[in-house]
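One structure below.
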Amino acid sequence: MAKQVIFLVLTCLIMISPIEADYNVVSYGAKPDGVTDMTQAFLRTWKAACRSVQAATIYVPRGRFLLKAVEFRGPCKSRVTVKIDGTLVAPPDYRALGNSGYWILFIQVNKLTVIGGTLDAKGAGYWACKNSGQSCPPGARSITFNWANDIVLSGLTSINSRATHIVINSCNNVAVRNVKAIAPDQSPNTDGIHVQSSRGVTITGSTLQSGDDCISIGPGTTNLYMSNIKCGPGHGISIGSLGRDATEDGVQNVTLTNAVFTGSDNGVRIKSWARPSTSFVRNVLFQNILMKNVKNPILIDQNYCPDNQGCPRQSSGVRISQVTYRNIKGTSATQKAATFDCSASAPCQGIRLQDINLTYMNKAATSSCKNIAGTSSGLLVPRSCL
C-alpha cells in the first residue's frame with residue numbers, strides 16, 4: 001500500500017510540474033568559432049522555441065558566436081528563457097550591421113528572460129568613424145527590447161557597444177538585474193541603459209561605465225525604480241533630454257536610491273531643450289547617493305541647445321516639479337556642485353533639498369539657482385540657494 005501511495009504522489013508531482021523544452025543553438029547549426037556567421041542558426045533556434053506550447057529554454061554554450069543584425073520576433077506561445085554561457089560577437093566591420101540601428105533586437109515578445117552571457121559589439125572601428133567626421137551608418141544598439149512585456153534581463157555583460165548598450169522602448173514590467181555595460185569614457189553615444197515610453201522598469205545591482213549617460217531616461221517613462229547602481233566614467237544618470245518635440249510625453253514617478261558615482265561628468269541630471277514643449281518631469285526622488293570626484297553632482301539644465309541649432313533665444317516648456325534630493329554626499333570635481341538652471345517660462349516647482357553634503361577640494365562647494373521654487377532642510381553643503 002505504501003508503495004502505491006508513493007507512486008501516486010510521484011505521478012501527481014510529475015503531472016503538475018511545469019515541463020520545459022530545451023533548445024541548444026549548437027543543435028540548430030551554431031558553431032562557437034567566433035568567425036562564421038551564426039545568425040540563421042540562432043533564428044532557427046528562436047523559431048522552434050517561440051512556437052513551443054511549453055515553456056522553452058534556449059541555451060547558448062561557452063564559446064564565441066558571431067551574429068549580424070538579428071531580430072527575434074514574437075509573440076511566442078509560451079515563456080522563453082535565453083540562457084547564455086558564451087559570448088555573442090558582432091562582425092568587426094561596423095558596416096556589416098547595416099542601417100537598422102540595432103544589433104540584437106527582441107520585438108513584441110512577452111514573458112522573456114535573458115540570463116548571463118557577454119555581448120561584444122566591437123565598437124572601436126565605429127567610434128573611429130564617428131570621431132573622424134566621416135559619413136557613418138547609424139550606430140547599432142547592442143540589445144534592444146521593443147514593445148515587450150514581462151521581461152527579465154539578468155547577469156548580462158555588454159562591452160564596447162557601438163551606440164547604447166541596452167534599450168528598453170515601449171515596454172511594461174521589465175527587471176534589469178546585475179548587468180554590466182562597459183565602454184571607454186571617450187566612446188561616443190555609448191549610453192549604458194536607455195529607457196523610454198515604458199512603465200514599471202526596475203534596474204538594480206548594475207555597473208555602468210560608458211562614454212555617455214550611465215542611464216538615460218526618455219519621454220514616456222513612468223514608474224522607474226533604480227537601486228544599487230555604480231556609475232562612472234560617463235555622463236551620469238539623466239532624465240532627458242526632453243522637449244525636443246513640441247508635443248512630447250513626460251517622465252514621472254522615478255526613484256534612484258543607493259548609487260555611487262565615480263569620476264563622471266554629471267551625477268543626477270535633468271536636461272531639456274530650450275524651446276516650447278508639452279513635456280514634463282514630476283515625482284522624482286534621488287536619495288542615498290555618494291559622489292566621488294564628480295564634475296556636476298546635481299544638475300538641472302533647461303537651456304540645452306546643441307550647436308545652437310533650433311533653440312537660441314527660446315525658453316524650455318518642460319515643467320519640472322516635485323523633485324527631491326535627499327542624503328547626497330561626497331566630492332565635486334568643480335567648485336559648483338549644484339546647479340539649478342530652470343526655465344524662465346516654466347520655472348521649477350516643489351524642489352526639495354534634504355541633507356546634502358558636497359565638498360570641493362576639502363572645502364564647501366557652491367550652488368546656483370535660477371527660476372526655481374522649493375524648500376530645504378537638514379545639513380546643506382553647499383548652502384541652499386533655494
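The values are calculated or read from the model by the stated rules, or taken from the named source; none is laboratory data. All of these numbers come straight from a predicted model, not from anything done at the bench. Counting neighbours? That spans all protein chains shown, and the Cβs are built from the backbone with ideal geometry, glycine included. Remember, those area values only see protein heavy atoms, side chains included, never the ligands or the DNA or RNA. Shrake-Rupley method; radii C 1.70, N 1.55, O 1.52, S 1.80 Å.
Among the DSSP beta bridges whose two residues both lie in region 292-386, what percent are antiparallel, rounded to the nearest 5?
5
Residue by residue, what Karplus-based ³J(HN,Hα) values in Hz, rounded to whole numbers, does region 358-368 have, using 6.51, -1.76 and 1.60 with θ = phi - 60° and x for Gly and Pro?
10, 10, 10, 6, 6, 10, 4, 7, 10, 9, 9
Which one, Val179, Asn266, Leu379, projects farthest toward the positive side of the charge dipole computed for the chain from Cβ point charges (K/R +1, D/E -1)?
Leu379
Using 0.36 nm per residue, how much length does the chain from Ser227 to Gln309 gain when fully extended, once their Cα-Cα distance is taken away?
That works out to 25.9 nm of additional length.
Per residue, how much accessible area does the chain have with a 1.4 Å probe, in Å²?
Result: 44 Å² of accessible area for each residue.
Pick out, from Pro137, Ile166, Leu153, the residue whose Cα sits farthest towards the positive end of the charge dipole of region 133-220, with +1 on the Cβ of Lys and Arg and -1 on the Cβ of Asp and Glu.
Leu153
Counting only helical runs of four or more DSSP H residues, what would the 222 nm mean residue ellipticity of the chain come to if each run contributes -39,500 (n - 2.57) and the total is spread over all its residues? Working shown, then result.
Values: 3 runs with 36 residues, N = 386.
Result for the chain: -3000 deg cm²/dmol, rounded to the nearest 500.
If we restrict to alpha carbons, what Rg and Dmax does region 136-294 come to, in Å?
In order Rg, Dmax, the Cα atoms of region 136-294 give 14.3, 41 Å.
Using the Karplus equation 6.51 cos²θ - 1.76 cosθ + 1.60 (θ = phi - 60°), what ³J(HN,Hα) coupling, rounded to whole Hz, does each residue of region 23-32 give in order, writing x for Gly and Pro?
9, 8, 4, 5, 5, 9, x, 6, 10, x
Starting from the amide H of Leu156, placed 1.01 Å from N in the peptide plane, find each other amide H under 5 Å away whose residue is 5 or more places distant or on another chain.
Answer set, sorted by chain and number: Gly116, Lys180.
Past the 21 angstrom mark, what percentage of all C-alpha to C-alpha distances in region 227-314 do you count?
Numbers: 1363 of 3828 pairs.
Summing the P(r) of region 227-314 above 21 Å gives 36 percent of all pairs.
Order 85-94, 297-306, 124-133 from most to least packed using the mean count of other Cβ atoms within 10 Å.
Values: 85-94: 18.5, 297-306: 22.4, 124-133: 15.6.
Packing order, densest peptide first, comes out as 297-306, 85-94, 124-133.
Take region 187-281, drop everything but the C-alpha atoms, weight them equally and run the Debye formula without solvent; then report log10 I(q)/I(0) at 0.15 Å⁻¹ to two decimals.
These q points yield log10 I(q)/I(0) values of -0.54.
How large is ³J(HN,Hα) for each residue in region 334-347, as worked out from phi by the Karplus curve 6.51 cos²θ - 1.76 cosθ + 1.60 (θ = phi - 60°), to whole Hz, x for Gly and Pro?
10, 5, 8, 8, 9, 10, 10, 9, 8, 6, 5, 8, 9, x
To the nearest 20 debye, what is the magnitude of the charge dipole of region 125-199 about its Cα centre, counting +1 on the Cβ of each Lys and Arg and -1 on the Cβ of each Asp and Glu?
In debye, rounded to 20, region 125-199 gives about 40.
Pull up all non-local amide H partners of Thr81: gap of 5 or more, or a different chain, and H-to-H distance under 5 Å with H placed in the peptide plane.
Here the answer is Ala56, Thr57, Ile58, Thr113, since their amide H atoms fall under 5 Å of that of Thr81.
Once the Cα atoms of helix 39-50 and of the chain are each reduced to a long axis, what angle between those two axes, in degrees from 0 to 90 to the nearest 10, is obtained?
Orientation of helix 39-50: about 80 degrees from the principal axis.
Need one number: % antiparallel among DSSP beta bridges in the chain, to the nearest 5.
So the antiparallel bridges amount to about 0 percent of the total.
Mind ranking Asp341, Asp33 by accessible surface for me, highest first, 1.4 Å probe?
On the way: Asp341 35, Asp33 75 Å².
Accessible-area ranking of Asp341, Asp33, largest first: Asp33, Asp341.
Pairwise over distinct Cα atoms, reciprocal of the mean inverse distance: report the Kirkwood radius of region 72-195 in Å, one decimal place.
On the way: mean 1/r = 0.0681 Å⁻¹.
Result for region 72-195, one decimal place: 14.7 Å.
Can you give me the long-range amide H partners of Thr366? Hydrogens built in the peptide plane at 1.01 Å from N, cutoff under 5 Å, separation of 5 or more residues or another chain.
Under 5 Å from the amide H of Thr366: Lys336, Ala337, Ala338.
Just grab the label-to-label distance for Thr334 and Asn293, each label 7 Å out from Cα along the Cβ direction, in nm (one decimal).
Using points 7 Å along Cα→Cβ, the separation is 1.7 nm.
Provide, as a two-decimal number, the C-alpha radius of gyration of region 301-386 over 2.2 N^0.38 Å, N being how many residues it has.
Output field value: 1.18.
Can you tell me the orientation of helix 2-16 relative to the chain, as the angle in degrees between its alpha-carbon axis and the longest Cα principal axis, to the nearest 10?
50
Pop out the carbon and sulfur fraction of the accessible area of the chain as a percent, whole number, probe 1.4 Å.
Values: 8510 of 16970 Å².
It is 50 percent, rounded to a whole number.
How would you order 179-190, 365-376 from highest to lowest mean count of nearby Cβ atoms within 10 Å?
Taking the mean over residues of other Cβ atoms within 10 Å, the ranking is 179-190, 365-376.
Taking all pairs of different Cα atoms in the chain, averaging 1/r and flipping that mean, what Kirkwood radius in angstroms comes out?
22.2
With charges set only on the Cβ (+1 for Lys and Arg, -1 for Asp and Glu), what does the dipole of the chain come to about its Cα centre, in debye to the nearest 20?
340
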